[in-house]
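The values are calculated or read from the model by the stated rules, or taken from the named source; none is laboratory data. What you see is a predicted model, and the numbers here were worked out from it, not measured in a lab. Note that each Cβ is placed from the backbone with ideal geometry, even for glycine, and that neighbours are counted across all protein chains shown. Just so you know, the surface numbers come from the protein's heavy atoms only, side chains and all, with ligands and any DNA or RNA stripped out. Shrake-Rupley method; radii C 1.70, N 1.55, O 1.52, S 1.80 Å.
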Amino acid sequence: METIAVRSEERDQFIDITDRVRRAAEAAGLTDGALLLYVPHTTAGITVNEGADPSVARDLQADLARLVPREQPDYRHREGNSSSHTRASLVGSNQVVMVEGGRLVLGTWQAIFFCEFDGPRQRKVYLKALPA
Amino acid sequence: METIAVRSEERDQFIDITDRVRRAAEAAGLTDGALLLYVPHTTAGITVNEGADPSVARDLQADLARLVPREQPDYRHREGNSSSHTRASLVGSNQVVMVEGGRLVLGTWQAIFFCEFDGPRQRKVYLKALPA
Amino acid sequence: METIAVRSEERDQFIDITDRVRRAAEAAGLTDGALLLYVPHTTAGITVNEGADPSVARDLQADLARLVPREQPDYRHREGNSSSHTRASLVGSNQVVMVEGGRLVLGTWQAIFFCEFDGPRQRKVYLKALPA
């Protein structure tokens with residue numbers, strides 16, 4: 001298991017970790033298979049979406065904030081971050097990506113984003129190579 | 001493939017299955033790899049989120065109910081559970097978690113929840129060990 | 001890695017690819033393990049849900065359109081498809097399904113849907129066999 005350390009600087013922030021995952025995939029020595037990317041946190045997630053234009057991640061973040069606003073009169077969890085937990089479950093806490101010829105296989109416009117929903121915090125993403 | 005049987009008692013219910021998955025992971029004899037958790041139903045799902053304070057799962061359930069209410073004037077499916085199907089696709093029907101040293105790797109606050117959206121029913125979760 | 005070509009004909013369209021995935025799973029020669037299904041696009045996704053009654057997929061599509069409408073005054077991405085990107089992240093760009101005895105394992109009512117959110121387009125789904 002490899003670990004990528006991520007430092008978020010805002011309460012809501014999408015951080016492009018594609019290059020770091022790509023290097024980790026190559027370092028793992030896996031020729032053919034899949035890479036499991038796993039976020040061990042409950043107020044952060046991981047998603048694959050467009051990385052070329054940063055406004056896509058920004059609009060996605062705005063949509064998630066619109067779907068699950070910070071406050072709801074019936075929230076029972078006392079830490080004030082129930083919406084962060086819900087947003088994390090909507091994008092998910094793992095992604096599985098492909099590796100071929102020792103390299104990460106992504107679509108032309110795809111990037112991998114660590115999704116912070118309750119920062120700023122020091123975070124981690126775990127990686128595990130699964131051979132084909 | 002191992003199977004965990006889950007009995008839901010409410011229409012909407014999140015059931016913490018972490019301990020059962022942990023035992024299944026240890027029984028599988030997998031030292032290093034991943035565990036695929038798969039829900040073979042279309043009105044239930046599976047998610048990873050905070051387990052320490054039960055109010056987190058309760059608030060997540062309330063958010064999903066707010067996002068996808070039971071009734072919509074344009075629903076065409078006659079069984080009255082279209083919202084259950086949508087909620088299932090939002091959380092997803094599989095999770096992939098890590099195994100290291102023969103043990104399940106979860107974050108400090110993470111628990112694995114079976115998400116019932118159309119209970120009460122007798123349900124199943126399939127588990128498959130994928131070696132690293 | 002196998003590739004399934006998918007041709008969408010509408011802007012929003014769910015396409016049942018279960019039979020094609022089933023055949024690809026059998027052709028892969030995998031006896032026991034999992035199949036990673038990966039969509040290399042950023043305005044399309046993949047989900048598992050009911051296939052017996054087509055109105056379920058239609059209602060799910062309507063719910064996603066309701067949750068993330070086409071226009072928002074604050075969208076910054078200029079291509080007019082921010083909502084397509086968000087819907088893609090909500091359903092996700094990968095699914096992992098099980099294979100046993102050389103055959104795909106799905107629940108009785110489950111089907112695998114390619115989810116087009118910005119068609120019509122020529123699309124692809126990648127498949128990778130991961131042995132148990």
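Could we say that C:ARG87 is among the basic types (Lys, Arg) and at pLDDT 95 or above here?
yes
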With the checklist (1) open to solvent by 20 Å² or more (accessible area, probe 1.4 Å); (2) over 23 Å from B:PRO69 (Cβ atoms) in hand, flag the one item C:ASN81 doesn't pass. (1)
Assess whether A:GLY119 counts as being at pLDDT 95 or above and small (Gly, Ala, Ser). yes
Counting just the residues of segment C:22-31 that are surrounded by fewer than 16 Cβ atoms within 10 Å (Cβ to Cβ) and in a loop (DSSP other than H, G, I, E, B), which one comes out modelled with the highest pLDDT? C:THR31
Residues that are within 12 Å of chain B (Cβ to nearest Cβ) and among the small types (Gly, Ala, Ser): list the strands (runs of 3 or more DSSP E) wholly contained in segment C:75-125 that include at least 1 such residues. C:110-116
Which one is most open to solvent (accessible area, probe 1.4 Å), of the residues in segment C:32-42 that are under 11 Å from the mean Cα position of the chain (by Cα) and of a type outside the set (Phe, Trp, Tyr)? C:HIS41
Residue pairs within 8 Å by beta carbon, gap of at least six or interchain, first lying in segment C:46-73 and free of Cβ contacts under 8 Å to residues at least 12 places away in the same chain, second aliphatic (A, V, I, L, M) and outside any loop (DSSP other than H, G, I, E, B), listed first then second, are C:GLN72/A:ALA62
Within segment C:19-75, residues being within 30 Å of B:GLN72 (Cα to Cα) and of a type in the set (Gly, Ala, Ser) number 8
Might you let me know whether segment B:14-21 holds any residue that is surrounded by fewer than 16 Cβ atoms within 10 Å (Cβ to Cβ) and basic (Lys, Arg)? no
Any residue in segment A:1-21 that is at pLDDT below 95 and either assigned to a loop (DSSP other than H, G, I, E, B) or touching a Gly at 6+ places or on another chain (Cβ under 8 Å) (or both)? yes
Inspect segment A:39-53 for any residue being in a helix (DSSP H, G or I), facing another protein chain (nearest Cβ under 7 Å) and farther than 28 Å from B:GLN61 by Cβ and give the result as yes or no. no
May I ask you to say which residue of B:VAL56, B:VAL96 is of a type in the set (Val, Ile, Thr) and closer than 25 Å to A:PRO69 by Cα? B:VAL56
Looking at segment A:54-68 only, could you name the residues that are more than 7 Å from chain C (Cβ to nearest Cβ) and either basic (Lys, Arg) or surrounded by fewer than 18 Cβ atoms within 10 Å (Cβ to Cβ) (or both)? A:PRO54, A:ALA65, A:ARG66
Given the conditions (1) within 14 Å of chain B (Cβ to nearest Cβ); (2) within 24 Å of A:ASN49 (Cα to Cα); (3) open to solvent by less than 10 Å² (accessible area, probe 1.4 Å), every one holds for C:ALA129 apart from (3)
Is at least one residue of segment C:54-72 in contact with a Phe, Trp or Tyr (Cβ under 7 Å, 6 or more places away or on another chain), over 27 Å from A:ILE112 (Cβ atoms) and not in a strand (DSSP E or B)? yes
